[in-house]
1. Could you tell me which of the residues GLY76, GLY142, GLY94 is small (Gly, Ala, Ser) and either surrounded by 20 or more Cβ atoms within 10 Å (Cβ to Cβ) or under 23 Å from VAL13 (Cβ atoms) (or both)?
2. Within the set of pairs 6 or more residues apart or between chains, which connect a residue that is under 15 Å from LEU398 (Cα atoms) inside region 335-350 to a residue that is acidic (Asp, Glu) and crowded, with 21+ Cβ neighbours inside 10 Å with Cβ atoms less than 9 Å apart?
3. Does region 326-340 include one or more residues that are aliphatic (A, V, I, L, M), within 20 Å of ALA246 (Cα to Cα) and assigned to a strand (DSSP E or B)?
4. Given the conditions (1) touching a Leu at 6+ places or on another chain (Cβ under 6 Å); (2) in the same structural domain as GLU127 (by TED's automatic domain parsing), which single one is not true for LEU159?
5. Can you say whether GLU120 is of a type in the set (Asp, Glu), in the same structural domain as SER157 (by TED's automatic domain parsing) and under 26 Å from the mean Cα position of the chain (by Cα), as far as the supplied structure shows?
6. So ARG112 clears everything in (1) within 15 Å of TRP143 (Cβ to Cβ); (2) surrounded by 16 or more Cβ atoms within 10 Å (Cβ to Cβ); (3) of a type outside the set (Ser, Thr, Tyr) except one condition, right? Which one?
7. What single numbered condition from (1) under 24 Å from ASN10 (Cβ atoms); (2) surrounded by 22 or more Cβ atoms within 10 Å (Cβ to Cβ) fails to hold for ASN38?
Amino acid sequence: MRPWQRECANLSVGKRFLVLVLHRRAGKTELALKKLCNAALKNTLDLPHYAYVAPLLKQAKTIAWARLKQMVAPFGVHVDINESELTVRFRPNGAVIRVLGADNPDSLRGVRLDGAVIDEVAQVKPEVWEEIIRPALSDRRGWAWFLGTPKGINLFSALYFGAEDWEDWGSARYTVYDTDALPADEVEQLRLEMSEQAFAREFLCDFSAAGDDQLLSLNDVEAASRIEYKPGAMDYAPKILGVDPARFGNDRSVIVPRQGLQVFNPLVYRGLDNMELANRVALKIEQWQPDAVFVDAGAGAGVIDRLRQLGHSVIEVNFGGRASDQRYVNKRTEMWFEVAEAIRSGLSIPNDNALKLELATPFYKFDSQNRLVLESKDDIKKRMPEGASPDIADALALTYAFPVAKRDTIALTKKRKEYDPYASLRN
C-alpha cells in the first residue's frame, strides 16, 4: 500500500463518510476494493453487506469485478464467487461484497448496507446517494467512501466542499504530484500534451478548471462576483429586468435586474401563483423604471397577460424559439452564451453561492448542423444538489434576450397632451 493510501485509511478513523479527490490512474479502485475486503473480513455482526458502486454496471464489471476476484482468490474455498450476481461471500462470517452500477439503482433498494464505496461520483445521480445508499446505511450506522476526479459542479463537488463543515465527514485531495503513481517523465509528457484546463482537472484535481464542454468555470464566476463598480458607473446603460416564472416542483420564480455590466441582487420567490408574481414584477417596474422587461413565455403566459392588463410593456421570450444568431440552436443557448461572454468581459454579479453554482454547472455541445446546444435545464438539475435548479441564472440570461436602447428619461417625465386641431387658431 502506498503512503497516500495509508493516509486515507487513517483519515477514515472516526469518520463515517470520506470524500477522496484523486487524479486519473492514482489507484483509487484498488484502494476501494482493499477497504471493502478489509471491512468485510473484520465484521463480526450478522450477515455483513457491502457494495462497490460505479456509474454504469458495465463500467463496474470492467473496473472492479476482475480485480476483486483476484484479491479474494487466495482465500480459496473460504470464498464463494457468484458471476451472475457479481458478489463474493466470505464463508467464515457470511460477509458479502456486491459490485453494482448506479444506472440500475433499484437493485439496491431495500438492502441493508454496512459500508459502500461510490467510484467516479461526479457521474452518479444525486438521488442514488440521497434516496438509496444513504438510507441503506442507517440500520447499523454504516460508512461510505466517495472517490473520483473533478468534473464540474455535481454531487461529487457538493460532497467534497460540504465535508469541511459536516459532522462525521472527512475529505482529502491528492494530485499527481502527491501520489507518485505515475513516472515523473510521463506526468511531464501529459502536461505538455494536454490543455492547461484538462491537466488541471484530471491530474491536479482542480474543481475550478472548466471542462472543454463547460460553458463557465468556477474561476470565471468567482472572478465576476468580486468585480465592483462605483455607484452611477452604469447610468449610461439601459435598465433591464429578466423574469423567470416557476415551472413546477422545486423551481423558483426569479426577477433579476441588470444595468450594463452590473447585475443587482435577484428577487427569488417560492410558491407564488401567476397573479402574485405579476404584482411583484409590477412593483419592481414602478420602483426601478426599467427600459425593458423580458419574461419567459414557457411558464409565464399568465404573468405576461396580467402585466399587460396593468399597463406595463413586457416582452415574452420563448427559450426554445429561434436564435437571432444562427450559430445557436435556440434562444436559450444564445442567451446563456451572451451571459458567458459578458462575464468574461467584466460583468459584475452578486456574490450569491446559488447563482455561482448555477452559472458554473451547464455543459454544451454541437448538433448535427454544427450549432451550439446548451445542456437542458432538466439535465442540469440532475447534476446539481437536491432541490437546486438554475432559475436565477435563467432569469439573468433573459436580460440578454434582445438588444435594448435606453429610453429618453426626459421624455418619460413629460405629460402627454391630447392633440387639439384648433390650437393653431387660438391666440
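1. Being small (Gly, Ala, Ser) and either surrounded by 20 or more Cβ atoms within 10 Å (Cβ to Cβ) or under 23 Å from VAL13 (Cβ atoms) (or both) holds for just one of GLY76, GLY142, GLY94, which is GLY142.
2. So the pair list comes out as MET335/ASP394; TRP336/ASP394.
3. No; the residues of region 326-340 include none that is aliphatic (A, V, I, L, M), within 20 Å of ALA246 (Cα to Cα) and assigned to a strand (DSSP E or B).
4. Answer for LEU159: the failing condition is (1).
5. Working: of a type in the set (Asp, Glu): yes; in the same structural domain as SER157 (by TED's automatic domain parsing): yes; under 26 Å from the mean Cα position of the chain (by Cα): yes.
Considered against the rule, which asks whether it is of a type in the set (Asp, Glu), in the same structural domain as SER157 (by TED's automatic domain parsing) and under 26 Å from the mean Cα position of the chain (by Cα), GLU120 comes out as yes.
6. Exception for ARG112: condition (2).
7. Among (1) under 24 Å from ASN10 (Cβ atoms); (2) surrounded by 22 or more Cβ atoms within 10 Å (Cβ to Cβ), the lone unmet condition for ASN38 is (2).
Conditions tested, residue by residue: (1) more than 27 Å from MET234 (Cα to Cα); (2) touching a Pro at 6+ places or on another chain (Cβ under 6 Å); (3) at pLDDT 90 or above; (4) not assigned by TED's automatic domain parsing to the domain that holds MET234.
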| residue | (1), (2), (3), (4) |
| --- | --- |
| GLN369 | yes, no, yes, no |
| ARG383 | yes, no, no, no |
| LEU398 | no, no, yes, no |
| THR413 | no, no, no, yes |
| ARG416 | yes, no, no, yes |
| ASP420 | yes, no, no, yes |
| ALA423 | yes, no, no, yes |
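The values are calculated or read from the model by the stated rules, or taken from the named source; none is laboratory data. From a predicted model like this one, the values you see are computed outputs, not experimental measurements. Neighbour counts are summed over all protein chains in view; Cβ atoms, including those assigned to glycine, are modelled from backbone coordinates with ideal geometry.
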